[in-house]
Amino acid sequence: MVSLGCPKTLVDSEIILGKLTGAAYELTHKIEDCDVALLNTCTFIQDAQKESIDRILELIALKKRKQIKAVVVMGCMVQRFPEELRRELSEVDAFIGSGDYERIPEVVEKVNRGKKMMHVGEPGYLSSAQDRRVALTPLHYRYIKISEGCDHICTFCTIPGFRGKHRSRTIDDIVSEAGALCQQGARELLLTGQDTTYFGKDLSGEFLLPDLIRAMDRVKSLEWFRLLYAYPACLTEAMMKAMRDSEKMCHYLDMPLQHASDRMLLAMKRGITQRRTHDLIEKFRRIVPDLTIRTTFIVGFPGETDKDFQELLDFIAQMRFERVGIFTYSQESGTPAADLPDQIPEKVKKERYKVAMLLQQQVSREHLKRFVGQPLKVLIEKKTAAHAYEGRSYMDAPEIDGAVRVTSAQPLETGQFYSVKITGSREYDLLGSV
Ligand code: SF4
C-alpha cells in the first residue's frame, strides 16, 4: 500500500488493508515483493497530483518489468479525474473511487487474475468502528476520521467535489473505535475530518463537538487526543470550554485560516472577517491560556495586492501563532477561483511565501524560548542516537509540527510519556533532558 496525502486518506488506506485480511492476503512493505500494488492518491493541489502521477508511473514500470502483477489506483484523484486517468494510464488494472472501498477484496481478486476494473460511485467513504484497520502509523498514535466530506464553499478548494457532502459519525461509534485503538496500544488519538468543528450538525442541527470531547475523556488508557482541521467560522465558546475542562484533550488546535485581508477572505468565501477571527482567537486564548494554534495561510490568491499581503503579514506578526504553514495558491480546475482575473505570477507567489515563512520563523523562535527551564510532558517517538531521542509535546502533532529533542542517560521507550526539563530552543524544536 502506498498512501499519499492527508490523515483522512491514511485512515482510508488502513481500512482498505483491513478489508484484505484472512488467509488469502499478506501485506508486504517491500513493493517489489507484492503481487498487487495499491496506491491511494491525493489531488487537492497540483503538486499532490504530480506526486500521485509519478508514483503511479513507478508502479507501472515495475509491472512492465514483471516485478509486480497488478496496479490498483484509488481515492481522491480517481474520484476527480476518472476518465482522464483511465485514458492516460491504461496500464493500471483498476481504478476505485473514494467511496467504493467495500469493493476492494473483489477488485484485488479479479485484477490478480488479469481483469481490468473501474468503480467510481458516490464520493467519500464514511468509516465505522466495525471497520478493521491495519496500522500505517506507529501504534501509539492513531488518527480517527470523525466525519467525511464538507459543506463549505471555499472558492479555491476542490475537496467537496471528490469527498462529498459533510457526514458525521455518531459519538458512540467514534468512542467505540477509540477504545479499540487504545486496546491496540494507542496513547494519543488525532480527530480528523474536512471540518471537525462542523461535527454533528448534520445529525442533530447542533455542533456536537463539546459532547464528543467529554465522551473522549472517558476512553480508558487514552492519554492524549487532539483536534485537526477546525473551521474558524464554526468555532464555539462551548467547544473552547470543553477543551479547557477536558482531562485528556491537548490544548492544541489545527485551524487553517487561509488569509487575513477581508477582501481576500470574501473572495475565498471563508464566511469570516479578520476582526471576527481576531476576537475568536483572543477569546480562545483567554479560556485556554496555554493554547497552541497551528494554522495555514494561502499567498498569491487571485487579486492579492501588496496591501492584502501586508495585512496578512501584520496579522501573523500581531497574532503570533505558535505554528504556521504557508501554501502558494494553486489554480485548480473546477474551482470558482481558477476563473478569477488577476492570477498572481508564480515568481510573486514564491517571494510572498518566503517573506511570510521568514516572519513566522522569528515568531516561532521567540515563542519557544519561553519554555526553557520548564518541565514538559513528552511522548517519545524514536531513538535518534545513543542517549538521544525525538519526542513530541502537546504542542506538536505528528508529521507536521516541531519536535522535542531529548537526551537521557536511562533508556527511554518509544510510545511512552516522560517529564522532560527543557534546556534549549531553536526555530521549531525544543531541547531537553529527562
Ligand atoms: S473547509 Fe473549505 S478548504 Fe476545507 S475542505 Fe471544506 S471547502 Fe475545502
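In table form, for the structure just shown:
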read-out	value
Net charge dipole size for region 2-119 [Lys, Arg +1 and Asp, Glu -1 on Cβ; Debye, nearest 20]	360 debye
Ranking by accessible area, most exposed first, for S128, S333 with a 1.4 Å probe	S333, S128
Within a Gaussian network of the chain (alpha carbon springs, distance under 10 Å), most fluctuating of A386, A230, A180	A386
Mean residue ellipticity (222 nm) of the chain, computed from DSSP H runs ≥ 4 via -39,500 (n - 2.57), nearest 500	-10500 deg cm²/dmol
Residue pairs, from the table K241/K421; K349/K369; K369/K421; K8/K347; K64/K110; K30/K145, whose Cα atoms sit over 24 Å apart	K241/K421; K349/K369; K8/K347; K30/K145
Spatially proximal aspartates and glutamates relative to K69 (Cα-Cα < 14 Å; intrachain offsets below 8 disregarded)	E32, D33, D35, E58, E91, D93, E109
For the chain: span of alpha carbons on each principal axis (Å, largest first)	61, 59, 46
Listed residues F297, V420, P345: farthest to the positive end of the dipole of region 287-434 (Cβ charges)	V420
Gaussian network model of the chain, springs between alpha carbon atoms under 10 Å - residue of H29, H259, H140 with greatest fluctuation	H29
Per residue value of the accessible surface for region 202-341 (all protein chains in place, 1.4 Å probe), Å²	40 Å²
Dipole axis of the chain (+1 Lys, Arg; -1 Asp, Glu on Cβ), positive-most option in C250, F225, P411	P411
Estimated dipole of the chain in Debye, rounded to 20 [Cβ of Lys and Arg +1, of Asp and Glu -1, Cα centre]	620 debye
Extension gain, R244 back to A388 (0.36 nm per residue minus Cα-Cα distance, nm)	48.5 nm
Linear extension gain, L266 paired with D33, 0.36 nm per residue minus alpha-carbon span	78.8 nm
Estimated distance in nm for a label pair at D314 and E109, the labels positioned 7 Å out from Cα along Cα-to-Cβ	6.4 nm
Förster-model FRET efficiency, 25 Å R0, D47 and L89, C-beta, rounded to 0.05	0.85
Residue of A403, A388, A129 that the Gaussian network model of the chain assigns the largest fluctuation, springs spanning Cα pairs under 10 Å	A388
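The values are calculated or read from the model by the stated rules, or taken from the named source; none is laboratory data. The shown structure was predicted, so the numbers you read here are calculated from the model rather than taken from an experiment. Cβ sites come from the backbone with ideal geometry, for glycine too, and all protein chains shown count toward neighbours. Accessible surface areas use protein heavy atoms only, side chains included; no ligands, DNA or RNA. Shrake-Rupley method; radii C 1.70, N 1.55, O 1.52, S 1.80 Å.
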